[in-house]
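What follows is a short report on a single structure.
The values are calculated or read from the model by the stated rules, or taken from the named source; none is laboratory data. What you see is a predicted model, and the numbers here were worked out from it, not measured in a lab. Cβ coordinates were reconstructed from backbone atoms using ideal geometry, including for glycine residues, and neighbour counts include every protein chain displayed.
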Amino acid sequence: RKLLTALAALAIGASVLAAPAQAQDKKYTIALIPGLTTDAFYISMRKGAEAAAKVVGAELVFQGAPDFNPVTQTPVLDAVIARKPDAILIAPTDKVQLVQPLKKAADAGIPVITVDTFIGTGKYQTGAGDADFPLSYVASDNILGGRIAARALAKAIDEKGKVYVSNVKPGISTTDQREEGFKDEMKNYPNITVLETQFNDNDANKAASQMQSVFARNPDLAGVFGANLFSALGAANGVQQAGQSGKVRVAAFDAPASIVDNIKSGLVDIAIAQHPAEIGYFGVLSAYAHLTGQSIPASIGTGFTVMDKSNVDKPEVAAFIYKE
Ligand code: T6T
């Protein structure tokens, strides 16, 4: 009888053990909605997400808007919800304006994970507020990134002079936090004055002309922090157009090939490369873990690689140049 009982227990154990294997047989569809489709940052994120989808045998659907804007992102999200994917990964383009649209996904039973940007405070699964429902937030530490930029720019300008932040628009979690980290860190440099932020709506041309206006008003301008890819690219172009390459120093967030060229030419001092492929990879793995019955962390922090002239040719650094 003892043997029979033991065999029965083993059989139960075996069927429990078999459950995840059966779950793994299901082909999940995971949607990734970027901030915008044509940005090298999100193109790189997609590659990481696709790599993870391949590992877990999921289908990745990449669908986004042509610009970084909650008004164009919301209908894309609605369309994705209508396709009933098993999970949604999204970079919400506004902390507040994407809350209700994403609530619709959660109400429809679709798990939501935010990648790169967050909604609400970014503190999820706390039971507080109306925007804590996403399961996880997978992203860079953007406050830290802003601090790194401040320190690098301070060093480049010998810790004195006027600087400003070229930024996208208020309400985006990432770029708001970069500015916050940058300004807070600059408090450690009493001889540096941070001028008013210039908002460019993610338009590099606008960022370039704003740089020239700031320079016209402040001919002693020492540096600029471009808080994302288009802000940095535009600010650097503005510096060049003003004939100030190497004189007005530039710290860039994000690392597309064009910014790396600018590092090599001396127009840009440093670029803070995020690891977008890592964000995509761990976003998909987190969604899959949740779908197959595992608990997942409410936030996952991904890394940075700081690029400058001295290291950008090293393969282990160049590996983080964004893919186009
Ligand atoms: O900097 C990234 C991203 O982290 C941010 O949320 C929006 O801008 C980028 O996509 C770069 O263009």
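The table for this structure:
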{"read-out": "Of residues in the stretch 196-234 being in contact with a Leu (Cβ under 7 Å, 6 or more places away or on another chain) and aromatic (F, W, Y), the one nearest to N262 (Cα to Cα)", "value": "F225"}
{"read-out": "Odd one out for K155 among (1) buried (at least 16 other Cβ atoms within 10 Å of the Cβ); (2) free of Cβ contacts under 8 Å to residues at least 24 places away in the same chain; (3) not in a loop (DSSP other than H, G, I, E, B)", "value": "(1)"}
{"read-out": "Spans of helices (runs of 4 or more DSSP H) in the stretch 1-107 with at least 3 residues at pLDDT 95 or above and within 24 Å of D254 (Cβ to Cβ)", "value": "40-56, 70-82"}
{"read-out": "Filter result for the condition that a residue is closer than 18 Å to M45 by Cα and crowded, with 23+ Cβ neighbours inside 10 Å, over G280, G303", "value": "G280"}
{"read-out": "Residue list for the stretch 133-152, restricted to those being part of a loop (DSSP other than H, G, I, E, B) and away from the ligand (no atom under 13 Å from the Cβ)", "value": "F133, P134, L135"}
{"read-out": "Single unsatisfied condition, A257 versus (1) touching a residue at least 60 places away in the same chain (Cβ under 8 Å); (2) farther than 23 Å from T93 by Cα; (3) away from the ligand (no atom under 14 Å from the Cβ)", "value": "(3)"}
{"read-out": "Residue satisfying condition, being of a type in the set (V, I, T) and surrounded by fewer than 16 Cβ atoms within 10 Å (Cβ to Cβ), within set V80, V71", "value": "V71"}
{"read-out": "Answer residue from the stretch 108-131, given it is of a type in the set (S, T, Y) and buried (at least 21 other Cβ atoms within 10 Å of the Cβ) and is nearest to the ligand (Cβ to nearest atom) among those", "value": "T117"}
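For (1) away from the ligand (no atom under 16 Å from the Cβ); (2) closer than 15 Å to I148 by Cα, each residue gets a yes or a no:
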position	(1), (2)
Q177	no, yes
D184	yes, yes
Y189	yes, yes
D201	no, no
A204	no, no
A207	no, no
R217	yes, no
G243	yes, no
